């Protein structure tokens with residue numbers, strides 16, 4: 001179902017993914033589907049971010065293999081962000097060369113700082129991820145998964161995040 005939504009309307013997919021977590025579905029169903037829904041949220045967040053100098057034909061999404069949804073996020077390979085196809089790969093700790101987007105496990109400030117670079121979007125899980133200078137953090141609130149945005153860090157990395165996405169954020173750090 002999510003694949004069909006993603007193909008027809010990427011904006012609707014973001015809303016559908018967020019509403020699915022807010023729907024009060026049984027906890028077992030939520031945990032089984034949470035990886036797929038996180039991947040849908042990640043894909044749609046990427047659609048609302050303008051990367052500096054995006055003349056490449058691919059968008060390199062590097063994933064820490066320790067995250068729960070690693071397999072589902074890696075499945076975003078060949079999905080399109082505008083004219084660019086997503087290319088995913090797993091990363092070893094501290095190996096961020098060639099990555100435009102990095103999805104990290106944990107909120108270790110030193111790892112997040114080493115992942116930061118001009119033009120790089122750093123994503124991760126947890127309520128303190130954006131406070132540790134991550135750009136976008138996915139957070140669980142009760143049975144929901146929401147996202148937080150660090151606009152200051154996005155600006156430092158010359159990333160432009162659409163105001164439509166900012167309005168959907170659970171929290172915005174400036």
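Computed packing ranks the peptides 33-40, 150-157 as 33-40, 150-157, most packed first, by mean other Cβ atoms within 10 Å. Our estimate of slack between residue 114 and residue 58, defined as 0.36 nm per intervening residue step minus the Cα-Cα distance, is 17.9 nm. Subtracting the Cα-Cα distance of residue 174 and residue 131 from 0.36 nm times their residue separation leaves 14.4 nm of extension gain. Packing order of peptides 129-137, 107-115, highest average first: 129-137, 107-115 (average count of other Cβ atoms within 10 Å over each peptide's residues).
With the simple model of a label 7 Å out from the Cα in the direction of the Cβ, residue 66 to residue 97 spans 2.2 nm.
Since every read-out is calculated from the coordinates, none of them should be taken as a lab result. Everything numeric here is computed off the predicted structure, so don't read it as measured data. All Cβ positions, glycine included, derive from the backbone under ideal geometry; neighbour counts span all protein chains shown.
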